[in-house]
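*Asks:* Have a look at this one.
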Amino acid sequence: MTRDFYEKLGFEFIMGPVGPEPVAIMEHPSGVNINFILNANSSSSVNQLMDISEKHAGYTHIALEVDDLAKAKGQIEALGCTITEGPVETPDGAIFLFIRDPDRNVIEFHQPPSK
């Protein structure tokens, strides 16, 4: 399920499982690599860093810069992905939106302010 989701976003399966804590590796044509933990045993449907009121230190999400957020939004929706927040525009003109992957990891798509 997770692999299919990321393939829709343009990532390609590179290898896996590899390593003592087995991971699978996927790569996007832009050069972004993601390692997925394959031996996770959590059946929780929450993202521990984002979905609970007690805040812990750690990584909360990745942000991918796009040139045209409106175009990216259309592509995201065409893939059947649910937008969980946004688009939101900041006072400086940046625009962003968020989606979740099947493991509830947050992915931000971010268009910087016009120069």
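The values are calculated or read from the model by the stated rules, or taken from the named source; none is laboratory data. Since this is a predicted model, take the numbers as computed values, not measurements. Methodologically, a virtual Cβ is constructed for each residue, glycine included, from the backbone with ideal geometry; neighbour enumeration extends over all protein chains shown.
*Asks:* Among the candidates Glu7, Glu12, Glu65, Glu27, single out the residue that is assigned by TED's automatic domain parsing to the domain that holds Asp101 and modelled with pLDDT of 90 or more.
*Replies:* Only one candidate passes the filter, namely Glu65.
*Asks:* If Leu49 satisfies every condition in (1) hydrophobic (A, V, I, L, M, F, W, C); (2) surrounded by 10 or more Cβ atoms within 10 Å (Cβ to Cβ); (3) at pLDDT 85 or above but one, which is the exception?
*Replies:* (3)
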